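The block underneath contains the structure these notes are about, expressed in structure tokens.
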Amino acid sequence: MASEELPLPYDRRKDLEDFDNTKAGVKGLVDAGIQRVPRIFVRPPDDADADGQDLDMEFEIPVIDLGGVLGAGRSDIVSRVGAAARDVGFFQVVNHGVGKDVLERMLEGARAFHDMERDAKAEYYTRDLERLVKFTSNFDLFKSKYANWRDTLYCQMEAPDLDPGELPAANREIVMDYSKRVKALGITLLELLSEALGLDRDYLKDLDCAMGHSILCHYYPACPEPHLTMGTIRHSDPSFLTVVLQDDIGGLEVMYRDQWVGVPPLSGALVVNIGDLLQLMTNDIYVSVEHRVRANHVGPRLSVAFFFNNHMMPSARVYGPIKELLSDDNPALYKEVTVKEFSASGFSRGLDGKRKTLLSQLRLQTINVKNL
Ligand SMILES: O=C(O)CCC(=O)C(=O)O
Ligand SMILES: [Fe+2]
């Protein structure tokens, strides 16, 4: 079949604008009682971005207990973290130092924002890239082919330090607290990931990998026709590292050996995944894998994604494959890039156009025997 796009049977741009102008997101549609998924969200049955087989073998995303991280158990934890980062790109952590009460309060804080009265919430609704705290449904609404069944509150915490007064009163206190605690966990994770590469403990931290972060409070409303759309389409994260807190509904899935595998909700756990920038820096030793969130009849599902990414910081640091990891047999696979350039290219493209293209654009034409 010819690959030219067929003309759309409706004025999609107008539908998108009408939806965006409500400033009420997907939740606004559900609150208004819609029984059908509007066409801007509908994916055709043969949509290549939403396909893929479910995993048919026994496999579980690794769960790593960080309880012994400061004691004799450290080397075992280092090897488990390293193995998960190499093989799966995703793992869950328990006994990670962020209390269950904090996790619960963070999810409640995310819910409290999305449950705010429509007009009050609309004041945060914007597509302005410079705004540090904003509410948007689908940051890539006008760039991606299909909209996702999801609303998000974005909080850019370090650009540099966010004035807490910019955060909504509904969750200001817990977002500030969570930010501090998960940043500390992120530093621990970067230490473990450095050690697992045979590098000094502070190596990744000293490259400013924990220098900036943003907190995304996602809200996935119950969907009347979940088979027609997605909560979040497949993508990999443009971060160094991402830490996700999910509630007990489920729906997050990860690509493992070309098949989709669920990340089961585990009370008290946090989900950790390697981002594109760490894959680039480790020259493909660690993998930034695609993941997605299914739409669901049950909802709302709440999740809080904590992205370590310093693109808002005034840093001109250039990132490329770490020299200590390279050799004649293992040459650099990627060009160097600043985080600003890297992130700008992600924002300009949108989620479903990404699919590793950011990394592949930076890939050098080196022949790597391992990948032949
Ligand atoms: O909602 C989730 O569980 C994951 C969200 C996600 O993948 C992201 O924010 O990049
Ligand atoms: Fe993600």
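Computed from the coordinates by the stated procedures, all read-outs in this text should not be read as laboratory data. Worth saying up front: this structure is predicted, and the values here are computed from it rather than measured. Here the Cβ positions follow ideal geometry from the backbone for every residue, glycine too, while neighbour counts run over all protein chains shown.
Table for the structure above
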| quantity | calculated |
| --- | --- |
| Sites S267 and D328 - FRET efficiency at Förster radius 45 Å, r taken between beta-carbons, to 0.05 | 0.40 |
| Region 167-296, relative contact order [Cα under 8 Å, separation at least 6], % | 25 |
| The chain: angle of helix 100-114 to the longest principal axis, Cα-based, in degrees nearest 10 | 30 |
| With eigenvalues of the C-alpha gyration tensor scaled by 5 and rooted, region 27-88, Å | 42, 19, 10 |
| For region 45-182, alpha-carbon Rg relative to the globular expectation (2.2 N^0.38 Å, N residues) | 1.35 |
| Size-normalised alpha-carbon gyration radius of the chain, reference 2.2 N^0.38 Å | 0.97 |
| Point-to-point label distance, D115-A222, nm (Cα→Cβ direction, 7 Å offset) | 1.5 |
| Estimated [θ] at 222 nm from DSSP helical runs (n ≥ 4, -39500 (n - 2.57)) normalised by residues in the chain, nearest 500 | -8000 deg cm²/dmol |
| DSSP-assigned coil residues among trypsin sites (Lys or Arg not before Pro) in region 250-359, each with at most 16 further Cβ atoms within 10 Å | R257, R317, K335, K356 |
| Surrounding net charge for L278, when Lys and Arg each add one and Asp and Glu each subtract one, Cβ distance under 12 Å | -2 |
| Residue-wise HN-Hα coupling along region 251-264, computed from phi with Karplus coefficients 6.51, -1.76, 1.60 (Hz; x: Gly, Pro) | x, 6, 10, 10, 7, 10, 6, 6, 9, 8, 10, x, 9, x |
| Angle in degrees between helix 172-196 and the longest Cα principal axis of the chain, rounded to the nearest 10 | 40 |
| Distant-in-sequence amide H partners of T338 (H built 1.01 Å from N, under 5 Å) | Y319 |
| Gain upon complete extension [D206, K180; 0.36 nm per residue less C-alpha separation] | 7.5 nm |
| E58 versus Q361: modelled label distance in nm, points set 7 Å from Cα along the beta carbon direction | 4.4 |
| Folded to 0 to 90 degrees: helix 74-87 orientation relative to the chain principal axis, Cα | 60 |
| Cα Rg, Dmax (largest Cα-Cα span) when computed across region 221-324, Å | 15.6, 52 |
| Residues whose placed amide H lies under 5 Å from that of M157, excluding near-sequence neighbours | H213, S214, I215 |
| Neighbour-limited loop hits for GluC sites (Glu not before Pro), region 67-125 (at most 12 other Cβ within 10 Å; DSSP other than H, G, I, E, B) | E117, E123 |
| Region 54-105: C-alpha gyration tensor shape, a/c 1.5 cut-off, then a/b vs b/c | oblate |
| In region 88-196, the trypsin sites (Lys or Arg not before Pro) that fall in loop regions by DSSP, at most 13 other Cβ within 10 Å | R127 |
| Relative contact order %, the chain, counting alpha carbon pairs below 8 Å whose residues are six or more apart | 20 |
| Anisotropy class of region 15-126 from Cα gyration tensor, a/c 1.5 cut | oblate |
| Fraction of antiparallel bridges per DSSP, the chain only, in percent to nearest 5 | 90 |
| Residue-span extension gain [K14 to A72] - 0.36 nm each, minus C-alpha spacing | 14.8 nm |
| Alpha carbon convex hull of region 137-204, volume per residue in cubic angstrom | 155 |
| Amide hydrogen neighbours beyond the local backbone of D65, cut-off 5 Å, H modeled | V94 |
| Principal axis dimensions, region 141-300 - Cα atoms, whole angstrom, descending | 51, 44, 35 |
